[in-house]
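The values are calculated or read from the model by the stated rules, or taken from the named source; none is laboratory data. Note that the structure is predicted; figures quoted are calculated from it, not measured. Please note: Cβ atoms are built from the backbone with ideal geometry, for glycine as well, and neighbour counts cover all protein chains shown. Remember, those area values only see protein heavy atoms, side chains included, never the ligands or the DNA or RNA. Shrake-Rupley method; radii C 1.70, N 1.55, O 1.52, S 1.80 Å.
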Amino acid sequence: MQYLANPDHITQECADGLALVYPEFVHTLPDSFNGRVLLSNSYDPNRVNLIVSSGGGGGPFSNSFIASPDLADAAVNGNICTAPSAYDIYEVVKKINSPHGYLFIYNNFMGDWLNNDLALELIETEGYKGYQLPIRDDCLSVPSDAPRSERTGSIGLLFAVKIAAACARTGASLEEVASLMEHVNDRMSSVMLTYDFEKKLTMLGEGISGEPARLVYENRFTLEDSAQLSYDLLFEDLKPKANEKIYLLINRNHHTLYEDSFILAKHLHNYSQSKIPVHQMSVGYYDRMSESYGFSVTMLCADERIDPFMQKRCFTDSFIV
């Protein structure tokens, strides 16, 4: 990936620019440790607050969580390919100054975990309450017999942020929000689909850092095939129950055509009719998860605990979820 901006300052300058464009929604915390912080104008010290940290700082994913009054209260970014700083997270907590607690939510990668864990230690020394929730929805990131807790995170972080924010705004306690979100983590799964156009291969499970695909299919090189392969994999991983509604989220990778993402959504909708019909779908360019041509597909199985917090569409400067 090439940048016109200085890569050493790109995430900080992007945050500055976003705050200048949308001052009615967000503002920066310029005196924070690295200056890569955005605060929502709707944060409220009288409830639990949601802090999203995004390692790598790439794409709409990183900042747009808070360009909506219905999503996160703060976004803390790392530099390119770098985890966010624990000290930035700590200073956001001090700025909001809520006695009700904080949910730290991030994708389950080692650098992100280490910095959020340190931030939790720092805030607890000053009497603040916190709970960290590493999202672990990438179903092919570990062998099939590995525990779910070892999976890395993917685009399912979007659904998690939406649900956690909606729950926190009801006045739920930190313990109640955390319990719900652990349940969400168990009922959500994602898979990356990428393609080799020269060899006509459809590949599932390619990693965002260049790890090879876990599953490779010949003679399945259509969007209809992709819908069936991804839906079957996620369905088998989650085994939806009769009382659960299925939500799907489709993220198109950096080079993927807009049209293909909605055609994939159509085929996913149609194929689901033979199993459990999809209740609702979201489609967009949510994050630059991969430079490859392809998609990530997330399935959420929402029972009576989760579903009330999925009802409202959330609009940001870059996407709808």
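Odds and ends about this structure:
- Selection of the range 15-46 for residues being part of a helix (DSSP H, G or I) and buried (at least 17 other Cβ atoms within 10 Å of the Cβ) yields Ala15, Leu18, Ala19.
- Any hit, the range 170-181, residues being closer than 26 Å to Pro60 by Cβ and at pLDDT below 95: no
- Filtered residue count, the range 237-254, keeping only those that are in contact with an Asp or Glu (Cβ under 6 Å, 6 or more places away or on another chain) and more than 17 Å from Phe319 (Cα to Cα): 3
- Cross-chain or 6+ apart pairs with Cβ under 9 Å, the range 252-276 first and under 13 Å from Tyr293 (Cβ atoms), then part of a helix (DSSP H, G or I) and of a type in the set (Phe, Trp, Tyr): Arg252/Tyr258
- Condition check for Thr194: of a type in the set (Ser, Thr, Tyr), outside any helix (DSSP H, G or I), surrounded by 15 or more Cβ atoms within 10 Å (Cβ to Cβ) and touching a residue at least 60 places away in the same chain (Cβ under 8 Å): yes
- A single member of Asn115, Asn185 is touching a helix residue (DSSP H, G or I) at 6+ places or on another chain (Cβ under 6 Å), over 19 Å from Arg47 (Cβ atoms) and surrounded by 17 or more Cβ atoms within 10 Å (Cβ to Cβ), and it is Asn115.
- The single condition from (1) surrounded by fewer than 19 Cβ atoms within 10 Å (Cβ to Cβ); (2) more than 29 Å from Glu24 (Cβ to Cβ); (3) at pLDDT below 95 that Ile80 fails is (2).
- One residue stands out among those in the range 291-318 that are open to solvent by less than 10 Å² (accessible area, probe 1.4 Å) and assigned to a loop (DSSP other than H, G, I, E, B): the one that is nearest to Gly210 (Cα to Cα), which is Cys314.
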